[in-house]
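Peer 1: I am attaching a structure below and will ask some questions about it afterwards.
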Amino acid sequence: MSLFDHKLADLQDLLHKKEITVTDLVRESYKRIADVDGQVQAFLTLDEERALARAEELQKKLSSDSEGLLFGMPIGVKDNIVTKELRTTAASKILGNFDPIYNATVADKLHAADAITIGKLNMDEFAMGSSTENSHFTKTRNPWNLDAVPGGSSGGSAAAVAAGEVPFSLGSDTGGSIRQPASFCGVVGLKPTYGRVSRFGLIAFASSLDQIGPITRNVEDNAYLLEAIAGLDPNDSTSANVDVPNYRSALTGDIKGLKVAVPKEYLGEGVSEEVRQNVREALKVLEGLGATIDEVSLPHSKYGVATYYLLSSSEASANLARFDGIRYGYRADNAENLIDLYKKTRAEGFGDEVKRRIMLGTYALSSGYYDAYYKKAQKVRTLIKQDFENIFENYDVVVGPTTPTPAFKIGEQINDPLTMYANDILTIPVNLAGVPGISVPAGLSSEGLPLGLQIIGKHFDESTVYRVAHAFEQATEHHKLKPEL
């Protein structure tokens, strides 16, 4: 049995009883990485020397009054979150040699909470993808089936937790990049409300949609991690001045009388019959716990994918303009002049998917097309947000599948961008509306691959999302299943 089969509270109890040390936890992580990461390929960079030194430092403050919320816990961090003097590449050649000189706010908060960073996790380049096949460095594999993708873009973050390499990780979610890989890998992943967690130090893809969030093996640990990283940040003007509650106090197991909305579009065209049946079974569990279930409609969600790719690509075309080979990162050789340097650096430094989205976004923002595409997409985004607000006038949460299908095979969709984009059809509306959503394990497919249940809440009401997710988790055995490696 691995130490990481215990939840956070139990591990801290073992630390206080002196049955284990903080160093034991860190060594457990690196041993597991040595054993299985050659197959899974979740990590891009390890920080073993500093992690072990930090473990010894923390051990000395055990049982003091200053222990942080995540005291002694090993964590992996997605490689688009900057970490001081620890290589941060966003899985791109253009940042292949980038060692940041400062920490993201969430990295500082992890340190303040006494967590220990184990290393940086693979992802789709600049978070653009749904399979982690777009990484410049390596393809991460699904621990449940090494021929299947782990999802994306936070594929490394989800696969590392599922494989038992770390009990906690951070991902980022722009259109489903935490929830979709969490679903594919059978772990718990939360996208917080936009503004709940600081984006300072997150390498920007689409600034109005990006959010950092936690990935863990169970709901309680997820609540711990969100509590540690959430809150107002003066370095991020889009972070919200909203109190951060004690999310753990919401984990009562009681959802009697809670009103659950199930959008008919989430069980409609494009969703496999196996996934639909899985959600119906999950709804019976919630009903058995005392919740009331009603069918509702999100009529504009069918425009979500088109709206998302216009808006996110437009923002990406502006955000990625800073990567020009001048100040940091990759620089092309043999340029004839400054303009030639820009062109060669960006042509050689960016991968195909990133170039595709920069071109789409630049086109959508160009003179003569702005109103027809970007402005219209913004109007549809408002309609999608209003759909959720209308439902939340009468319901506590929205529930449906996280993904239309289980994980697909590596290479199966990489040359078919439209099919790849459709994987996010059930997660994208949540980002466009800015509301929180979580994916929790809900069973296995006929081929033994995990399926996820998505629970969506009102703005800044992560407590109710956690309450429902925890009640479902405790009423089922799905979260106890583990892949064999």
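Peer 1: Go through (1) at pLDDT 95 or above; (2) surrounded by fewer than 19 Cβ atoms within 10 Å (Cβ to Cβ) and name the single condition GLU269 misses.
Peer 2: Of (1) at pLDDT 95 or above; (2) surrounded by fewer than 19 Cβ atoms within 10 Å (Cβ to Cβ), only one is false for GLU269: (1).
Peer 1: Between a residue in region 86-112 that is under 14 Å from ARG199 (Cβ atoms) and of a type in the set (Asp, Glu) and any residue that is modelled with pLDDT of 95 or more and buried (at least 20 other Cβ atoms within 10 Å of the Cβ), which pairs come within a Cβ distance under 9 Å, given they are 6 or more apart or on different chains?
Peer 2: Final answer for the pair search is ASP108/GLY201.
Peer 1: Inspect all residues belonging to region 83-105 and state whether any of them is among the hydrophobic types (A, V, I, L, M, F, W, C), touching a Cys at 6+ places or on another chain (Cβ under 9 Å) and on the phi < 0 side of the Ramachandran plot.
Peer 2: no
Peer 1: Further question: What number of residues within region 249-264 satisfy the criterion of being part of a helix (DSSP H, G or I) and surrounded by fewer than 18 Cβ atoms within 10 Å (Cβ to Cβ)?
Peer 2: 2
Peer 1: Is it true that some residue in region 135-146 is within 25 Å of ALA55 (Cβ to Cβ) and either of a type in the set (Ser, Thr, Tyr) or in contact with a Ser or Thr (Cβ under 6 Å, 6 or more places away or on another chain) (or both)?
Peer 2: no
Peer 1: Then there's this: In region 114-159, what count of residues is obtained for those that are part of a loop (DSSP other than H, G, I, E, B), under 21 Å from ASP416 (Cβ atoms) and of a type outside the set (Val, Ile, Thr)?
Peer 2: Looking only at that region, the number is 17.
Peer 1: Going by the structure shown, is LYS355 open to solvent by less than 90 Å² (accessible area, probe 1.4 Å), charged (D, E, K, R) and farther than 30 Å from LEU444 by Cα?
Peer 2: Yes; evaluated as a whole, the condition is true for this residue.
Peer 1: State all residues of region 360-375 that are open to solvent by 60 Å² or more (accessible area, probe 1.4 Å), in a helix (DSSP H, G or I) and either among the aromatic types (Phe, Trp, Tyr) or in contact (Cβ under 8 Å) with a residue 12 or more places away in the chain (or both); if no residue qualifies, say none.
Peer 2: Within region 360-375, LEU360, THR362, TYR363, LEU365, TYR373 qualify.
Peer 1: Could you list all residues from region 54-85 that are aliphatic (A, V, I, L, M) and either open to solvent by 10 Å² or more (accessible area, probe 1.4 Å) or part of a loop (DSSP other than H, G, I, E, B) (or both)?
Peer 2: Within region 54-85, LEU62, LEU69, LEU70, MET73, VAL82 meet the criteria.
Peer 1: Here's a follow-up. Looking at GLY72, is it over 20 Å from the mean Cα position of the chain (by Cα), under 19 Å from GLU353 (Cβ atoms) and at pLDDT 95 or above?
Peer 2: no
Peer 1: Got a number for residues in region 435-482 being outside any helix (DSSP H, G or I) and either modelled with pLDDT under 95 or open to solvent by 20 Å² or more (accessible area, probe 1.4 Å) (or both)?
Peer 2: Selection size over region 435-482: 11.
Peer 1: Out of the residues in region 324-342 meeting the condition of being at pLDDT 95 or above and open to solvent by less than 30 Å² (accessible area, probe 1.4 Å), tell me which one is nearest to LYS93 (Cα to Cα).
Peer 2: Within region 324-342, the match that is nearest to LYS93 (Cα to Cα) is ALA332.
Peer 1: For region 233-248, which positions are part of a loop (DSSP other than H, G, I, E, B), open to solvent by less than 60 Å² (accessible area, probe 1.4 Å) and not charged (D, E, K, R)?
Peer 2: If the condition is that a residue be part of a loop (DSSP other than H, G, I, E, B), open to solvent by less than 60 Å² (accessible area, probe 1.4 Å) and not charged (D, E, K, R), then THR238, SER239, ALA240, VAL242, VAL244, PRO245 are the ones that fit.
Peer 1: Those residues that are open to solvent by 30 Å² or more (accessible area, probe 1.4 Å) and either among the aromatic types (Phe, Trp, Tyr) or farther than 30 Å from ASN145 by Cβ (or both), I need them from region 24-53; list them, please.
Peer 2: ASP24, GLU49, ARG50, LEU52, ALA53
Peer 1: Can you tell me which condition ASN97 does not meet? The list is (1) of a type outside the set (A, V, I, L, M, F, W, C); (2) out of contact with any Leu (no Cβ under 6 Å at 6 or more places or on another chain); (3) under 28 Å from SER239 (Cα atoms), and all the others hold.
Peer 2: Answer for ASN97: the failing condition is (3).
Peer 1: Considering only residues of region 283-303 that are touching a helix residue (DSSP H, G or I) at 6+ places or on another chain (Cβ under 7 Å) and in a helix (DSSP H, G or I), which is farthest from PHE472 (Cα to Cα)? I'd like the intermediate steps shown before the answer.
Peer 2: Our first condition is that a residue be touching a helix residue (DSSP H, G or I) at 6+ places or on another chain (Cβ under 7 Å); within region 283-303, this holds for 285-286, 289, 293, 295-303.
Retained after the next criterion (residues that are in a helix (DSSP H, G or I)): 285-286, 301-303.
Working: VAL285: 7, LEU286: 7, SER301: 26, LYS302: 28, TYR303: 30 Å.
Checked region 283-303; the qualifying residue farthest from PHE472 (Cα to Cα) is TYR303.
Peer 1: Out of ALA318, ALA306, report the one residue that is in a helix (DSSP H, G or I), closer than 23 Å to SER207 by Cα, in contact (Cβ under 8 Å) with a residue 60 or more places away in the chain and among the aliphatic types (A, V, I, L, M). Show your work before the answer.
Peer 2: On the way: ALA318 fails: in contact (Cβ under 8 Å) with a residue 60 or more places away in the chain.
So the residue among ALA318, ALA306 that is in a helix (DSSP H, G or I), closer than 23 Å to SER207 by Cα, in contact (Cβ under 8 Å) with a residue 60 or more places away in the chain and among the aliphatic types (A, V, I, L, M) is ALA306.
Peer 1: I've got another one for you. All but one of (1) assigned to a loop (DSSP other than H, G, I, E, B); (2) open to solvent by 50 Å² or more (accessible area, probe 1.4 Å) hold for ASN390; state the number of the condition that does not hold.
Peer 2: The one condition ASN390 does not meet is (1).
Peer 1: May I ask you to list pairs of residues, at least six apart or on different chains, whose Cβ atoms are under 7 Å apart, with the first in region 10-23 being closer than 16 Å to ALA115 by Cα and modelled with pLDDT of 95 or more and the second being assigned to a helix (DSSP H, G or I) and among the acidic types (Asp, Glu)?
Peer 2: THR23/GLU56
Peer 1: Separate question: Could you please let me know if THR345 is closer than 16 Å to LYS93 by Cβ and in contact (Cβ under 8 Å) with a residue 40 or more places away in the chain?
Peer 2: Judged against the criteria, THR345 is a match.
Peer 1: If I filter region 316-323 for residues that are closer than 24 Å to THR405 by Cα, of a type outside the set (Gly, Ala, Ser) and either at pLDDT 95 or above or surrounded by 13 or more Cβ atoms within 10 Å (Cβ to Cβ) (or both), do I get at least one hit?
Peer 2: no
The values are calculated or read from the model by the stated rules, or taken from the named source; none is laboratory data. All values reported here derive from a predicted model rather than from experimental measurement. With ideal geometry, Cβ positions are generated from the backbone for all residues, glycine too; neighbour counts draw on all protein chains shown. For the accessible areas, the whole protein counts, side chains as well, though only heavy atoms, and no ligand, DNA or RNA atoms are used. Shrake-Rupley method; radii C 1.70, N 1.55, O 1.52, S 1.80 Å.
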